[in-house]
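The values are calculated or read from the model by the stated rules, or taken from the named source; none is laboratory data. Model, not experiment: these values are computed from the prediction. Here Cβ is always computed from backbone atoms with ideal geometry, including for glycine, and neighbour counts include all displayed protein chains. Just the protein is used for accessible areas: all its heavy atoms, side chains included, with ligands, DNA and RNA removed. Shrake-Rupley method; radii C 1.70, N 1.55, O 1.52, S 1.80 Å.
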Amino acid sequence: MQTLRYLIQKEFIQIFRNKALLPMMTALPIIQLIVLSNAASNDVKDVRLVMVDNDQSEISRALTQKIDANDRFTLVEVSFSHDTAFELMQRNKADIILEVPANFERDYHRKEAPKVQMLVNAINGQQATVGSGYLSNIIASLNKEIQPQLSQTIGSQMAAVEVSSNNWYNPELKYPHFMAPGILAELAALLTIVLSAMNVVREREIGTIEQINVTPIQKWEFILGKLVPFLCIGLVLVTVGLLASKLIFDIPVRGSLFLVFGYAIINLVCVLGLGLLISNFADTQQQAIFVAFFFVLIFILMCGLFTPIESMPKWAQYATIPNPLAHFISVTRKVLLKGSSFWDIRWEFIYTIILAVLFNVAAVWSYKKQQ
Amino acid sequence: MAAVLVENIDKSYGNVTALKSIGFQMDDGEIFGLIGPDGAGKSTLFRILTTLLLPDGGRASVAGHDVIQEYKHIRKKVGYMPGRFSLYQDLSVEENLSFFATIFGTSIQENYDLVKDIYQQIEPFKKRLAGKLSGGMKQKLALCCALIHKPEVLFLDEPTTGVDAVSRKEFWEMLQSLKKKNIAILVSTPYMDEASLCDRIALMQNGEILKIDSPGQMVIDFQKPLYAIKTEHTYTALSYLRSASFTRSALPFGEFIHLTTNKPYEALQIKDDLERVGIPIQEVKRTAPSIEDIFLDLSQTNEPIDA
């Protein structure tokens, strides 16, 4: 125990003595948190639209007006020619072409269910799906407005199903509320995994590990002596990050903070174990950083931060189970935004504990004092 | 009981053989030197004896414990100073020392007697970071750290490489005083002049031990006549000597040429012989062999040098 205490103390002395490392561990992640939470938005705010009105009727003009009035759309041009509109899309001046065919209004009154054509530039998939969704809504609401007028004149009454929707947990759909907890989880994991992987390899590069290996230090003492200091740094980062998110973005804290921190400890132990495992197989810091990045990139891209896990293919959804980052993000979002209780996030706990045990046992086992 | 016992140790890295059935015994309170050039296998042997590396074959024990089965006991009883400075450069002198004391379950105070003489020399700089120390002071600190847990056997892998002449001398004086405290010291060095400071030495080359004996005895045993020749025309003199029939070996040796012959000659006879072929000679004298002469002589019997 005395040995372990001293190992940890030594690690802290070294960390605090490293003038470059300390700001890197604290200030940089907070800057990233602020920048990314604001910038990484899936919100589609400005869809540029070209209207091709071949009908020039009351209905088509009402549609044009309705689109123009919506602030999500910018009406780039109202044209009569399909080619002009297409040209605009080709030159990347427009995202959507809405084409109203000739005789649209006539067919409409004859109840022939005329079709409008929507051409969407799908290079930006997000813009395309969200934009076309908005547009469909506008067309549907226009449809609803003119239906009663029609039915009055014709005299038949149609029953319509009304759908009213409301955004729970994030009523104003504020993106930072959704992103900040996730990015915080991501940064904490990324920092600790890289720091722990680099640290042990550095000892190997400098040769200090040689000196340590001839001492009676136990393997678990050595690993734990590395794990505890970085766990503390990770927790400081989570605390500062949460505080910054609260002060800057005013993110809601609906669930228990104890739950968040309790889970954060397990998660950090888990990723630190992976970092230490990597370090045991790397001879140089360069090797360690490349392997660490291999994992970090996969973890980040498949953790549900940028693409919802539910919309991934089935195999990829299963692949998120051994991804500690995915669980971390899920927990922070659920607990902070939804106010979930321990029972709601029990699976995240279970998976992470299993991973933490696996990684750390492997790290102790693969750390060889003897060659 | 032998402090270190090595029997038929083999080790190879892939195709490269680092050690070929090495065997020697080292007693308590003895300074045993491994003398040989870089690549002789000295560090590999150190790593095996300090339980960092497993041998391919053979047996070795340190302080009465087998290096393979009882490696955990060995780690408590030995001090190791690797060839490369491997203390924490970002910790101070004092922090390094108390770190190594603590991980061996002891404290600086407890074994202060043992390191006192050495530590006092670096104590004025105890707040300085180890990385900012001079080469000689680094070695002293490393020796303190290797000693702080009162080891029975001390392993010093090239402790004086890259250290200035004064510090080297001081370092060897420290080893002599440690010897009096009954610590067995296995030390390696590429400097032949340090060999005479050991109780016994093993001359190593290409993973093999050429000879083991005390340096004094080695000098006595060296029967071949040895001459030191001083000339300003070293190259021509060497070429001539190497082709001469009486020559056994002729090697440049500082400002001299060291010549061994098949049978004894008069120094003047050699001088005349050289001057007759037009090589001006300043001096020829019969000289006592150094360890380097003995080493070169032994290594040549294995590998005949090309003329």
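Could you tell me how far the Cα centroid of segment A:40-103 sits from the Cα centroid of segment B:115-147, in Å?
79
Under the rule a/c < 1.5 gives rounded, and otherwise a/b versus b/c splits prolate from oblate, where does segment B:154-307 land using the Cα gyration tensor?
Details: a/c = 2.48, a/b = 2.10, b/c = 1.18.
Verdict is prolate for segment B:154-307.
Please identify the longest segment of chain A free of exposed GluC sites (Glu not before Pro), where exposed means a DSSP state other than H, G, I, E or B and no more than 11 other Cβ atoms within 10 Å.
Values: sites that count: A:GLU112, A:GLU162, A:GLU172.
After excluding every exposed loop site, the longest remaining stretch is A:173-371.
What value, in deg cm²/dmol to 500, does the helix sum -39500 (n - 2.57) over DSSP H runs of n ≥ 4 give at 222 nm once divided by the residues of the protein assembly as shown? Intermediate values should be presented prior to the final figure.
Details: 24 runs with 345 residues, N = 678.
For the protein assembly as shown, the value works out to -16500 deg cm²/dmol.
Rounded to the nearest 0.05, what FRET efficiency do A:VAL357 and B:LYS224 have when you use their Cβ-Cβ distance and R0 = 60 Å?
Values: r = 69 Å, r/R0 = 1.15.
Between A:VAL357 and B:LYS224 the formula returns 0.30.
Where Lys and Arg each count +1 and Asp and Glu each count -1, what net charge lies around A:ARG333 among other residues with Cβ under 14 Å from its Cβ?
On the way: positive: A:LYS174, A:ARG254, A:LYS334, A:LYS338; negative: A:GLU186, A:GLU310, A:ASP344, A:GLU348.
Local charge sum for A:ARG333: 0.
Residues of segment A:237-277: accessible area per residue at 1.4 Å, in Å²?
Working: 1570 Å² over 41 residues.
It amounts to 38 Å² per residue over segment A:237-277.
Which listed residue (A:LEU135, A:HIS82, A:TYR108) has the Cα farthest towards the positive end of the charge dipole for segment A:47-154, taking +1 on Lys and Arg C-beta and -1 on Asp and Glu C-beta about the Cα centre?
Working it through, the farthest residue towards the positive pole turns out to be A:LEU135.
In debye, nearest 20, what is the charge dipole magnitude of segment B:223-288 about its Cα centre with +1 on Lys and Arg Cβ and -1 on Asp and Glu Cβ, if you could check?
300
Residues with beta-carbon under 13 Å from that of A:SER256, excluding A:SER256: net charge, scoring Lys, Arg +1 and Asp, Glu -1? Walk me through the numbers before you get to the answer.
On the way: positive: A:ARG254, A:LYS334, A:LYS338; negative: A:ASP344.
So the surrounding residues net to +2.
When the Cα centres of segment A:172-208 and segment A:221-252 are compared, how far apart do they sit, in Å?
Using only Cα atoms, the two centres lie 10 Å from each other.
Distance in nm between label sites at B:ARG286 and A:LEU247, each 7 Å beyond Cα in the beta-carbon direction?
9.0
Mind jotting down the distance between the C-alpha centroids of segment B:1-28 and segment B:155-200, whole Å?
Cα centroid of segment B:155-200 versus Cα centroid of segment B:1-28: 21 Å apart.
What nm distance separates the two modelled labels at A:THR239 and A:ALA316, each placed 7 Å from Cα along Cα→Cβ?
Each label point is offset 7 Å from its Cα along the Cβ direction, giving 3.8 nm.
Quantify how strongly other chains surround peptide A:213-220 by giving the mean number of their Cβ atoms within 10 Å of each of its Cβ atoms.
Numbers: counts 6, 16, 11, 10, 3, 1, 0, 0.
Rounded to a whole number, the mean comes out at 6.
Which of the trypsin sites (Lys or Arg not before Pro) found in segment A:28-133 are loop residues per DSSP with 13 or fewer other Cβ atoms within 10 Å of their Cβ?
On the way: sites: A:LYS45, A:ARG48, A:ARG61, A:LYS66, A:ARG72, A:ARG91, A:LYS93, A:ARG106, A:ARG110, A:LYS111, A:LYS115; in loops: A:LYS45, A:ARG72, A:ARG91, A:LYS93, A:ARG110, A:LYS111, A:LYS115.
Qualifying residues, ordered by number: A:LYS45, A:ARG91, A:LYS93, A:ARG110, A:LYS111, A:LYS115.
Using θ = phi - 60° and the Karplus form 6.51 cos²θ - 1.76 cosθ + 1.60, what ³J(HN,Hα) does each residue of segment B:65-73 get, whole Hz, x for Gly and Pro?
10, 5, 6, 9, 6, 10, 4, 5, 5
Compute the helix-to-body angle for A:21-39: its Cα long axis versus the longest principal axis of chain A, expressed 0 to 90° and rounded to tens.
It is inclined by approximately 10 degrees.
In debye, nearest 20, what is the charge dipole magnitude of chain A about its Cα centre with +1 on Lys and Arg Cβ and -1 on Asp and Glu Cβ, if you could check? Intermediate results must be reported in sequence, preceding the final value.
On the way: 30 positive and 29 negative charges, 313 e Å.
Once rounded to the nearest 20, the dipole reads 1500 debye.
How would you classify segment A:226-346 from its alpha-carbon gyration tensor, with a ≥ b ≥ c the square roots of the eigenvalues: rounded for a/c under 1.5, else prolate if a/b is greater than b/c, otherwise oblate? Kindly include the intermediate steps, with their values, before the conclusion.
Working: a/c = 1.99, a/b = 1.31, b/c = 1.52.
Cα axes put segment A:226-346 in the oblate bin.
Could you pull out every one of the lysines with an alpha carbon less than 24 Å from that of A:LYS369, ignoring same-chain neighbours closer than 8 positions?
A:LYS10, A:LYS219, A:LYS226, B:LYS11, B:LYS42, B:LYS72, B:LYS76, B:LYS77, B:LYS150
Taking the Cα centre as origin and putting +1 on Lys and Arg beta-carbons and -1 on Asp and Glu beta-carbons, what dipole magnitude results for chain B, to the nearest 20 debye?
On the way: 34 positive and 40 negative charges, 111 e Å.
Dipole of chain B, to the nearest 20 debye: 540 debye.
Mind checking the angle between helix A:285-301 and chain A's longest principal axis? C-alpha axes, 0 to 90 degrees, to the nearest 10.
Around 30 degrees separate the two axes.
Select from B:ALA288, B:LEU238, B:GLY254 the residue farthest towards the positive end of the dipole of segment B:223-288; place +1 on Cβ of Lys and Arg, -1 on Cβ of Asp and Glu, and compute about the Cα centre.
Most positive-ward Cα: B:ALA288.
Consider just the alpha-carbon atoms of chain B and return their Rg together with their Dmax, both in angstrom.
22.4, 72
List the residues whose amide H sits under 5 Å from the amide H of B:PHE85, counting only those 5 or more places along or on another chain, with H placed 1.01 Å from N in the peptide plane.
Amide H neighbours of B:PHE85: none.
Report, by chain and number, residues whose modeled amide H sits under 5 Å from the one on B:SER92, excluding near sequence neighbours (fewer than 5 apart, same chain).
B:ALA130
Rounded to two decimals, what ratio of Rg to Rh does segment B:223-288 give with C-alpha atoms and a Kirkwood Rh? The partial results should precede the final answer.
On the way: Rg = 10.3 Å, Rh = 11.4 Å.
Computed over Cα atoms, the ratio is 0.90.
Scaled to the compact-protein estimate 2.2 N^0.38 Å, what is the alpha-carbon radius of gyration of the protein assembly as shown, rounded to two decimal places?
Details: Rg = 39.9 Å, N = 678, 2.2 N^0.38 = 26.2 Å.
Compactness ratio reported: 1.52.
Restricting to bridges with both residues inside the protein assembly as shown, how much of the DSSP beta-bridge set is antiparallel, in percent to the nearest 5?
Working: 40 of 68 bridges.
Here the share of antiparallel DSSP bridges comes out near 60 percent.
Using 18 Å as the cut-off for backbone N distance, which residues of segment B:243-267 belong to the label zone defined by a point 7 Å from the Cα of B:ASP213 along Cα→Cβ?
So the set is B:260-261.
Of the candidates B:SER12, B:SER61, B:SER86, which one comes out as most mobile in a Gaussian network treatment of chain B with C-alpha springs shorter than 10 Å?
Comparing B:SER12, B:SER61, B:SER86 in the GNM, the peak value goes to B:SER86.
So, R0 is 60 Å and r is the distance between the beta-carbons of A:GLU112 and A:ARG17; what FRET efficiency does that work out to, to 0.05? Intermediate results must be reported in sequence, preceding the final value.
Values: r = 80 Å, r/R0 = 1.34.
So, using R0 = 60 Å, E works out to roughly 0.15.
Net charge near B:PHE171, counting Lys/Arg +1 and Asp/Glu -1 over other residues with Cβ under 15 Å of its Cβ?
Neighbour charge sum, excluding B:PHE171 itself: -3.
Treating the angle as unsigned and between 0 and 90°, give the value, to the nearest 10°, between the Cα long axis of helix A:324-333 and the longest Cα principal axis of chain A.
60
Give me P(r) over segment B:1-153, computed from all C-alpha to C-alpha distances, binned every 5 Å, as integer percentages.
That works out to 2, 9, 17, 19, 18, 14, 12, 7, 2, 0, in percent per bin.
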